[in-house]
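Notes follow once the structure below has been shown.
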Amino acid sequence: MDENEFEPRYDHVKSEEKIYKLWEESGYFNPDICAENGVTAADAEPFSIILPPPNVTGELHMGHAAMLAVEDVMVRYHRMNGKRTLWVPGTDHAAIATQSKVEKKILKEEKKNRHDLGREEFLSRVNAFAQESHDTIVRQIKRLGASLDWSREAYTLDETRSRAVRTAFKEMYDRGLIERNFRVVNWDPKGQTVISDDEIVYEERKTKLYTFRYGKILSGPEKDKLFPVAISTTRPETKFGDVAVAIHPDDERYKKFAGKEYDVAFCGAALHIKIIADQSVEKDFGTGALGVTPAHSVIDGEIARRHGLPFKQIIDEYGKMTVGGETVYGKKTAEAREAVVALLRNANLIEKEEEISQNVATAERTGGIIEPLPKLQWFIMVNKPFAAKTGKRHSDAVPAKAEIRAFNEKDEERTLKELMRDAVESGKVKILPGRFEKIYFNWIDNLRDWCVSRQIWFGHRIPAWYKDIDDESLLTQTDLAKEQPEKFYVDIEPPEGDGWQQDPDTLDTWFSSGLWPFSVFNWPDETADLKNYFPNSVLETGYDILFFWIARMILMSTCLMGEVPFHKVYLHGLVRDAKGRKMSKSKGNGIDPLEMADKYGADATRLSLIIGAAPGNDIKLSEDRIRGYRNFSTKIWNIARFIMQNSEWRAENGEMKKNERHEIYLKEFEALKSEVTAHIENFEFHLGAEKMYRYIWHTFADKIIETEKENLKNGTEAEKAASYAILESLLLGSMKLLHPFMPFVTEAVWRKFRPEKILMAEKW
RNA sequence: GCGUGCAUAGCUCAGUGGUUAGAGCGCUCCGUUCACAUCGGAGAGGUCCCUGGUUCGAUUCCAGGUGCGCGCACCA
């Protein structure tokens, strides 16, 4: 590029590629290099953001582009403001999401499942896919101009992060915050794994509510009489697993039955039913009596636990019946339901059938209908009080690698739930827009223990080893009384000696994501980065992962670091299509950010995601908008071109001879600068960007340039020099203020006028 | 059920206790020896959802209503 020549047309793609290279070569994405070269003071205040690591499941979408645009605005602004600014890149292995993607691919292409390949071969396939996705994603992030410090790139599944995961697991286990428990969990028959409460998506469906009686009493004084209480259910097939009928303690209708036990017939099987009183029963729902199926309902499981009732599993991992006569046994639950209803109907036991709508729990990733099953799984105990400093560790024989420093000055007994609540309630974490704090508290209040084990292969293997138990019993054991802990060895490295087997399960992907704000700085090592950049200044992400991720980071950080993970959370909206639907590949309604960047430039794509998007509000994006902002970057280019064409009037001593008119321009500009600065500081990026847009186009180009144009043509030499000087000054000033929003075109223009300097590293 | 967001131009959305409420796209008319046709100029287009309150003044703040959306819980 000839420095003084402006091509009449601005070639976005060519220019943007060149400029990103220029930035990368300057090294200024790295705060250490900024400090070495005097761009920032070595002791300047730090500003740090971690990039929410994109999943290595494929490619970036518009949501990622929005996130990158907003974060890059903050990062570039603070860097120009002289802060030691660090933005750490990385990717997330995304356990279930990635594994199921590869499984689908292999099934389609080779007609094989993961078991056909074996654990090792399958994992090498997933890793290859992950690597490929990673490379694509990194290329795409760069294409959009994100000023990330690539020398610090991390991956949730790399060795450093894996060590952090094992360390965290061990520390929490030792403090009793991680337990292996037998509970009714959310089983996804399609994905063949347990999932957490947050990975459930409820779908409203119409279904039938049946009111009926089990059948005849089989023994005792009331033999051959009908069971005295009718119950209501939407899932009659599960009633083979019933062990009790629960009623409300104050229910006059049923009080008299409380404590009685019956042997009763049900569809050819025999049930032993105890009638119990429990506060959790709604008197007004159905008959007011609830058939308790401990093994196949989370709520019933809890009731059973309270009353010491047995868990009777009658549905297997594939959602098939393991009991019943020939019309039921081995059938899927939906078919079995029909069969059971038919049997009940024939026996004239059904009293009522009514249509109701209910929320069906489905798995977020696979869409499978959740089948609650009792299983032995690892849980993070959010309601269990612990004392960070003096509290007991149950493996004190093994020295702590990283001491838990939980989030309280006094060494009080606190629960993780309380720590999570305190972090936000105390104001140590501020969530923007503020309304999300309420949503956060609401979620916290309803939080149950977090099931962290998954029966999939891709992910962090649980760092627990067993001796003298075979895998089969690990998965099927249902005996509550059996003491578990003594049989485990939980540590960061495998135990010595023979005969140890590692738990076959892996961890929920959000376990490692939860550590991200400090694991990226190589925790548990006490690194300089950890000291400088943790807690992070800001965490920026979409509001859809407030619970999945933000809450988990707060949990992990307050527990393990004794500190909040970040001071501010800024939530952006979701990017939707012109009809308001969430953009997704399967719907085919997505606008590809890279395609837009190629067509209209990364600058225009970014600006379209910032202007018109109020914090936390969804963005409806259309290609027209992006095209509109492409026109803006062309406009900027032509403004600069015009000014450059008059550069013969540049005064030799560089001094600006201002007149009254020019004073007004400068005053106006100063006002603009302080407004834009305030907007960025207040996370009102859309306002800052829009003001720059209006100023550059409708004030600077339409009014100021048009006025000075006259002077440049017909003025005296001094007038021409003055006009040129003011135009150049306002142009370069504007380029600075616009740079965080449109980094490429502003840098390109800057290079024409100040080729010896890089705009990115200029003072704000 | 609890909570929460939105309602502004034809469309998609910003914004504001005070003169004339803005952007992108779309629409009408005019313009190309001009930095810019990826453009410029001019213009049409608004009951700022309804009702009430606070106020000198409300599209903006408050309450209620209507419509649409979202989160959580329940879901036998």
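The table below gives the values:
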item	result
Flag if A:Asp278 is acidic (Asp, Glu), without any contact (Cβ under 8 Å) to a residue 40 or more places away in the chain and either at negative phi or open to solvent by 10 Å² or more (accessible area, probe 1.4 Å) (or both)	yes
Members of segment A:130-159 found to be over 21 Å from the mean Cα position of the chain (by Cα), in a helix (DSSP H, G or I) and of a type in the set (S, T, N, Q), listed by number	A:Ser151
For A:Leu218: the one exception among (1) in contact (Cβ under 8 Å) with a residue 60 or more places away in the chain; (2) away from RNA strand B (no atom under 16 Å from the Cβ); (3) not hydroxyl-bearing (Ser, Thr, Tyr)	(1)
Extreme residue, nearest to A:Thr156 (Cα to Cα), among residues of segment A:515-532 that are assigned to a helix (DSSP H, G or I) and without any contact (Cβ under 8 Å) to a residue 60 or more places away in the chain	A:Leu530
Segment A:45-66, subset open to solvent by 10 Å² or more (accessible area, probe 1.4 Å) and assigned to a helix (DSSP H, G or I), residue modelled with the lowest pLDDT	A:Gly63
Residue in segment A:27-34 that is touching a Phe, Trp or Tyr at 6+ places or on another chain (Cβ under 7 Å), open to solvent by 20 Å² or more (accessible area, probe 1.4 Å) and part of a loop (DSSP other than H, G, I, E, B) present	no
Residue within segment A:75-92 that is over 30 Å from A:Val676 (Cβ atoms), surrounded by 17 or more Cβ atoms within 10 Å (Cβ to Cβ) and of a type in the set (A, V, I, L, M, F, W, C) present	no
Single residue of A:Lys190, A:Lys206 found to be closer than 28 Å to A:Ser357 by Cα, touching a residue at least 60 places away in the same chain (Cβ under 8 Å), away from RNA strand B (no atom under 11 Å from the Cβ) and surrounded by fewer than 16 Cβ atoms within 10 Å (Cβ to Cβ)	A:Lys206
Residue selected from segment A:536-551 under the condition open to solvent by 10 Å² or more (accessible area, probe 1.4 Å) and modelled with pLDDT under 95, by the criterion farthest from A:Asn617 (Cα to Cα)	A:Phe548
Test: residue in segment A:384-391 that is modelled with pLDDT of 90 or more and either open to solvent by 80 Å² or more (accessible area, probe 1.4 Å) or outside any loop (DSSP other than H, G, I, E, B) (or both)	no
Breaking point among (1) more than 12 Å from RNA strand B (Cβ to nearest atom); (2) modelled with pLDDT under 95, for A:His272	(2)
Of all residues making up segment A:407-449, the number that are in a loop (DSSP other than H, G, I, E, B) and either in contact (Cβ under 8 Å) with a residue 12 or more places away in the chain or within 16 Å of RNA strand B (Cβ to nearest atom) (or both)	14
A:Asp263 over 18 Å from A:Lys352 (Cα atoms), within 11 Å of RNA strand B (Cβ to nearest atom) and at pLDDT 95 or above	no
Among (1) within 16 Å of RNA strand B (Cβ to nearest atom); (2) touching an Asp or Glu at 6+ places or on another chain (Cβ under 6 Å); (3) part of a strand (DSSP E or B) - the single one A:Phe547 does not satisfy	(3)
Segment A:297-318, subset buried (at least 19 other Cβ atoms within 10 Å of the Cβ) and near RNA strand B (Cβ under 10 Å from one of its atoms), residue nearest to the chain's Cα centre (by Cα)	A:Ser297
Check on A:Asp250, over 21 Å from A:Ala347 (Cα atoms), free of Cβ contacts under 8 Å to residues at least 12 places away in the same chain, outside any strand (DSSP E or B) and within 15 Å of RNA strand B (Cβ to nearest atom)	no
Helices (runs of 4 or more DSSP H) (entirely within segment A:641-717) containing at least 3 residues that are away from RNA strand B (no atom under 13 Å from the Cβ) and among the hydroxyl-bearing types (Ser, Thr, Tyr)	A:660-681
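Here is a yes/no grid of residues against (1) modelled with pLDDT under 90; (2) assigned to a loop (DSSP other than H, G, I, E, B); (3) under 14 Å from A:Lys239 (Cβ atoms):
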{"position": "A:Ala295", "(1), (2), (3)": "no, no, yes"}
{"position": "A:Gln313", "(1), (2), (3)": "no, yes, yes"}
{"position": "A:Val328", "(1), (2), (3)": "no, yes, yes"}
{"position": "A:Glu335", "(1), (2), (3)": "no, no, no"}
{"position": "A:Val341", "(1), (2), (3)": "no, no, yes"}
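The values are calculated or read from the model by the stated rules, or taken from the named source; none is laboratory data. Just so it is clear, the structure is predicted and the values come from calculations on it, not from any experiment. All Cβ positions, even for glycine, are placed from backbone atoms using ideal geometry, and neighbour counts span all protein chains on display. We work out accessible area using only protein heavy atoms, side chains counted, and drop any ligands, DNA or RNA first. Shrake-Rupley method; radii C 1.70, N 1.55, O 1.52, S 1.80 Å.
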